[in-house]
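What follows is a short report on a single structure.
Values in this text are rule-based calculations from the coordinates and carry no lab data. Since the model is a prediction, treat every value here as computed from it, not as a measurement. Glycine gets a Cβ as well: all are built from the backbone with ideal geometry, and neighbour counts include every protein chain shown.
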């Protein structure tokens, strides 16, 4: 009996030792699992003060090596979400070494679940069902119905395309074409939103611009008589719906990965310089680029439709995201100047200036690479060789616009609905100028 008792104690002791926390650093996959949600209790939002000369290296380390969720990058800091159990990262020697030994840590929010809960409580309130569509955010099915109604009420201006392809989970990726019956063949402009699921203001802004294109036609026929607008309101319907029913901070699609994890960052999956930096090969990472270039059904559907014969007159495209208040132009994959840098900068700077003139908001106009490197993005693909050749050796104006707010301390992705209209107003005011500029100044190769 004593021997058995001693053996039991030994087994219990071994079990206790095995259960002790390990001092080994967390892997990319382990961090990704902690970040996935669907709840974010005790997830911290942390600001890392970093010298500008090592900012790119720190960003790359946090993103590609650790797979952390970076919310915002500015010239002197990076805001990043730290899940419970990953706090040791902040004091690790590896991070300190990458930062050159100069790193400050400021906690902006100790529990991100609180603002998620507050938003959910508001959305579940009966008072949200207001007559004004732009009083709050809406789910995928409601957005689809809203566009169908817009087309039914304005048949001479709006054409609703029920599906240009299916998402992983079988949802329709619908499209809308807005133009007048006046004139023959017209130049075309492409807008898309909600490629990243949690960036709700991107979707509402595309809706706002769509509404204004139709509503303003009676007063100013210039745009729709000269151009056709091709709009993809919800690029990532599965991911977007999941932000309503699962994890509010979900960014990716809902593809099932080989390791059992979920999701691909669609804006790292486009077949342009895919996998050449600025993305992650780890399926659990928030910037996972997918198993191959253009592998995802959402990207396949959009790229095929973009290159369709009926869209041969495209002259410009904008991908709406949030946040940080940026007007980003090519390239994202390299720091080398684009062939049309002068024109791209002029148009981007013009958008920036007209945004500021409306509500005083300061956006920054810059190349995407100046923010941080990205590969496999829609913006680079639109401006790249595949599209250029398909359009008869003609390049187009290509941009990503990162909308409000300016930083994480303003609630980041959980932007209050009171910001929907002002954001829409400043984008509408700037986009009308931008559209006329690119129509008057098409890029000539």
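Averaging 1/r over every pair of different alpha carbons in region 60-169 and inverting the result gives a Kirkwood radius of 18.8 Å. Rounded is the label for region 135-440, because a/c, from the alpha-carbon gyration tensor with a ≥ b ≥ c as root eigenvalues, stays below 1.5.
The angle separating the long axis of helix 341-359 from the principal Cα axis of greatest extent in the chain is about 90 degrees. In this simple spin-label model, placing a label point 7 Å from the Cα along the Cα-to-Cβ direction at both residue 39 and residue 216 gives a separation of 4.5 nm.
Per residue, the average separation of C-alpha pairs within less than 8 Å and at least 6 apart gives region 103-213 a relative contact order of 16 percent. Once the Cα atoms are used to define both axes, helix 200-215 deviates from the longest principal axis of the chain by about 10 degrees.
Neighbour counting of Cβ atoms within 10 Å sorts the residues 72, 211, 97, fewest neighbours leading, into 97, 211, 72.
Relative contact order for the chain: 16 percent, from Cα pairs under 8 Å spaced at least 6 residues apart, divided by residue count. Taking the average, over residues, of other Cβ atoms within 10 Å as the packing measure, peptides 283-296, 360-373 rank 283-296, 360-373 from highest down.
Working note: 222 nm ellipticity from helices only, DSSP H runs with n ≥ 4, each -39,500 (n - 2.57), summed and divided by the residues of the chain, gives -10500 deg cm²/dmol to the nearest 500. Averaged over residues, the count of other Cβ atoms within 10 Å places the peptides 162-171, 191-200 in the sequence 191-200, 162-171, highest first.
Label zone (residue 156, point 7 Å along Cα-to-C-beta; backbone nitrogen cut-off 17 Å) within region 205-226: 213-226.
Structure remark: mean-square fluctuation, Gaussian network model of the chain, C-alpha springs under 10 Å; the largest value among 375, 145, 243 belongs to 145.
Convex hull volume of the C-alpha atoms in region 32-111, normalised per residue: 78 Å³.
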